[in-house]
């Protein structure tokens with residue numbers, strides 16, 4: 001029988017510069033945004049529009065993504081806590097050894113961006129494009145959305161890779177011999193140090209992953225679906241489909257079509273992969289459909305409306 005059990009134990013930190021920690025998750029956001037701006041510049045050149053418009057569009061998108069994703073996490077997943085701690089929603093007031101602004105800087109936990117939810121990011125981007133269109137009146141709102149979603153789809157690929165490097169948003173336990181042992185997810189930092197007697201959690205995790213003395217500890221960690229990888233690869237497909245429709249067909253001339261396709265494809269992917277994920281809110285683990293799935297359904301319905309509605313092309 002084929003066995004492919006991968007012991008997943010990367011440090012979330014790529015490297016340190018003094019007290020500054022560069023983390024994979026933050027780096028993936030940077031890559032996503034930089035790639036997105038290059039894609040938009042290529043599109044604007046193709047449409048014979050000044051690429052200078054993309055710089056302001058980029059700023060609107062970055063702020064909307066981070067702020068929308070943060071508020072999405074607060075209201076969709078963590079409201080039970082934040083309703084009694086409103087000041088912590090956006091203010092960086094908690095010290096922490098990890099998790100900080102964009103996941104980049106270690107030392108203080110910037111609560112405003114410690115938790116991010118993609119459904120909130122999607123809503124935030126739509127709102128931002130409405131505001132952008134009011135200030136820069138050169139094309140219709142749907143024209144802008146039809147093109148922005150191509151960049152957003154490419155960015156989603158890297159965000160999920162960041163989640164993978166953080167060993168977070170893990171899949172459910174699988175009974176098959178194929179899967180990932182997410183060592184840092186299933187063994188807490190304090191527990192890892194207690195098991196190994198190490199004075200640092202990083203040393204403890206390395207011992208558990210590599211030392212024969214802790215072989216049984218490693219074997220006791222269950223195999224899980226690498227759902228972050230599943231999503232990332234699926235989003236590559238979403239991006240390629242949108243790219244094809246834009247460059248190889250006339251669908252970009254139907255206002256709202258590409259935006260609708262994005263909503264259908266991306267949130268359908270999310271809906272089905274959620275069946276393989278651990279619930280992000282423990283109390284909702286027994287729900288027939290989890291929070292991510294319930295939020296994805298209206299997104300798909302919006303997409304169906306824009307794809308199949310009858311409109312005159314621009």
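Values quoted throughout were computed directly from the atomic coordinates according to the rules given, and no laboratory measurement underlies them. Everything numeric in this text was worked out from a predicted model, so none of it was measured. Neighbour counts run over all protein chains shown; Cβ positions are idealised from the backbone, glycine included.
Relative to the longest principal axis of the C-alpha atoms of the chain, give the angle of the C-alpha long axis of helix 201-210, reported between 0 and 90° and rounded to the nearest 10°.
In the chain, helix 201-210 runs at an angle near 80 degrees to the longest axis.
Given the peptides 197-203, 178-184, arrange them by the average over their residues of other C-beta atoms within 10 Å, most packed first. Display every interim value, and only then the final one.
Numbers: 197-203: 13.3, 178-184: 21.6.
Order by mean packing, descending: 178-184, 197-203.
Over 20 Å, how big is the tail of the calculated P(r) for the stretch 171-235, in percent of all Cα pairs? Write down the numbers at each step before the final one.
Working: 718 of 2080 pairs.
Summing the P(r) of the stretch 171-235 above 20 Å gives 35 percent of all pairs.
In degrees from 0 to 90, rounded to the nearest 10, what is the angle of the helix 118-135 Cα long axis to the longest principal axis of the chain?
30
When a/c reaches 1.5 or more, the comparison of a/b and b/c decides; with that in mind, is the stretch 1-63 rounded, prolate or oblate per its Cα gyration tensor? Walk me through the numbers on the way to the answer.
On the way: a/c = 4.55, a/b = 1.78, b/c = 2.56.
Oblate, because a/c is 1.5 or more while a/b does not exceed b/c.
What share of all Cα pairs of the stretch 128-213, in percent, falls into each consecutive 5 Å distance bin?
Result returned by the calculation: 3, 11, 14, 12, 12, 10, 7, 7, 7, 7, 6, 3, 1, 0.
Once the Cα atoms of the chain are picked out, what are the Rg and Dmax in Å?
For the chain, the Cα-based Rg and Dmax read 21.0, 69 Å.
Once the Cα atoms of helix 291-308 and of the chain are each reduced to a long axis, what angle between those two axes, in degrees from 0 to 90 to the nearest 10, is obtained?
Relative to the chain, helix 291-308 is tipped by roughly 20 degrees.
What translational diffusion coefficient, to the nearest whole µm²/s, does the stretch 229-314 have by Stokes-Einstein, given a Kirkwood radius computed over alpha-carbon pairs, a temperature of 25 °C and 0.890 mPa s viscosity?
Numbers: Rh = 14.1 Å.
The diffusion coefficient I find is 174 µm²/s.
Would you mind telling me the antiparallel percentage of the DSSP bridges in the chain, rounded to 5?
Details: 10 of 15 bridges.
Around 65 percent of the beta bridges assigned by DSSP in the chain are antiparallel ones.
If you take the Cα atoms of the stretch 102-253, find Rg, then find the Kirkwood Rh from the mean of 1/r over all pairs, what is Rg/Rh? Don't skip to the answer; put the middle values down first.
Working: Rg = 21.1 Å, Rh = 18.9 Å.
Result: Rg/Rh = 1.12.
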